[in-house]
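Asks: Dropping a structure here in structure tokens format, bear with me for questions.
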Amino acid sequence: MEKGNHSCGTDFTLVGLFQYGHTDTFLFTVIALLFAVALIGNITLVHLIRLDRTLHTPMYFLLSQLSIIDMIYISTTVPKMAANFLSDTKTISFLGCAIQAFVFLTLGASEALLLGFMSYDRYIAICQPLHYPVLMSRKICCCMVASAWSSSSITALMHTVYVFQLPFCGSRIVNHFFCEVPSLLPLVCEDTSQYEHTVLMSGLVILLLPFLAILASYARVLVVVFQMASGKGQSRAVSTCSSHLTVASLFYVTALCTYTQPHSLHSPGRDKVVAVLYSIITPVLNPFIYSLRNKDVMGALRRQMG
């Protein structure tokens with residue numbers, strides 16, 4: 001291998017979703033629209049939760065944090081991706097790539113943990129309502145959010161520092177639309193099989209464990225819900241839980257496909273499609289799934305609109 005290609009100053013080239021020039025304008029338009037919809041939807045949801053006092057509850061506090069994460073999450077990848085559609089170079093600096101990978105990992109892990117905390121909130125609210133004010137106090141909610149951010153940042157920093165100190169070689173063409181750890185590993189000049197085991201363990205802890213906790217908590221919730229005498233209470237609880245499960249399943253299943261597979265099973269084309277689902281589609285869907293199927297949020301929206 002040539003040692004001259006190992007310097008930290010060398011830029012990376014992002015291939016993007018596709019390599020066909022005639023699709024660039026169309027893709028730019030679609031991605032820009034999705035980006036605008038995600039920002040407007042999440043900003044509106046955060047604004048409603050802040051203004052309407054009926055939404056000043058633990059559930060909506062966590063939901064506002066999810067919307068904030070989604071706004072930054074989609075802003076980490078989409079602007080550069082959209083700009084590359086109209087650019088001939090499609091390059092990203094070494095430092096820019098490292099920062100993008102770190103921020104993306106931090107936000108993705110934070111969302112994975114936060115969705116788990118949101119399922120715990122619904123479990124306590126439905127299965128142990130008398131203990132809800134104590135178990136989901138403002139202090140505990142803030143601790144949940146702080147622990148999600150801090151643990152995710154530490155994990156992301158360790159992975160980013162390790163990957164970007166490895167020797168990169170060749171043309172440094174990243175077959176992806178942003179700098180993601182699995183897409184960077186094929187560019188490394190040395191064996192990364194041991195590190196891939198670390199990525200697998202991180203994926204299992206940060207993605208699989210919260211997802212299993214969500215499934216277990218909602219299984220218990222559904223048992224309690226269908227024991228209720230009130231049909232109205234059943235429909236409301238099922239609506240809330242199904243909305244959460246829809247978002248959680250889309251996010252966790254697609255992310256697990258990327259971060260728990262060995263390098264030999266990765267396909268660049270499939271990885272990019274899957275990445276679109278958890279990095280773009282999920283932030284777009286979140287505010288609408290939580291608002292259009294939620295009477296409290298829709299009521300708050302109507303009140304704010306007069």
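The values are calculated or read from the model by the stated rules, or taken from the named source; none is laboratory data. Computed from a predicted model, the values in this text were never measured in an experiment. For neighbour counting, all protein chains shown are included, and Cβ atoms are generated from backbone atoms with ideal geometry for every residue, glycine included. Note: accessible area is taken over every heavy atom of the protein model, side chains too, but ligands, DNA and RNA are not part of it. Shrake-Rupley method; radii C 1.70, N 1.55, O 1.52, S 1.80 Å.
Asks: Find the relative contact order for the chain and round it to a whole percent, using C-alpha pairs within less than 8 Å whose residues are 6+ positions apart. Intermediate values should be presented prior to the final figure.
Replies: Working: 360 pairs, mean separation 85.3, N = 306.
RCO, the chain: 28 percent.
Asks: Run the numbers for M228 and D11: contour at 0.36 nm per residue of separation, minus the present Cα-Cα distance, in nm.
Replies: The M228-D11 span can extend by a further 72.1 nm.
Asks: So what are the ³J(HN,Hα) numbers for segment 55-64, from phi and the Karplus equation (6.51, -1.76, 1.60; θ = phi - 60°), rounded to whole Hz, Gly and Pro as x?
Replies: So the Karplus estimates, Gly and Pro as x, are 9, 7, 10, x, 4, 7, 5, 5, 5, 5 Hz.
Asks: If you roll a 1.4 angstrom probe over the protein chains with everything in place, what fraction of the accessible area of the chain belongs to carbon and sulfur, to the nearest %?
Replies: Values: 10010 of 14540 Å².
About 69 percent, which is the carbon plus sulfur part of the accessible surface.
Asks: For the chain, which span is the longest to avoid every loop-located (per DSSP) member of chymotrypsin sites (Phe, Trp or Tyr not before Pro) having at most 12 other Cβ atoms inside 10 Å?
Replies: Result for the longest clean stretch: 21-225.
Asks: Please compute the per residue accessible area over the chain with all protein chains in place, 1.4 Å probe, rounded to a whole number of Å².
Replies: In whole numbers, the chain has 48 Å² accessible per residue.
Asks: Any aspartates and glutamates with Cα under 17 Å of the K295 Cα? List them, leaving off those in the same chain fewer than 8 positions away.
Replies: Excluding near neighbours in sequence, the set is D52.
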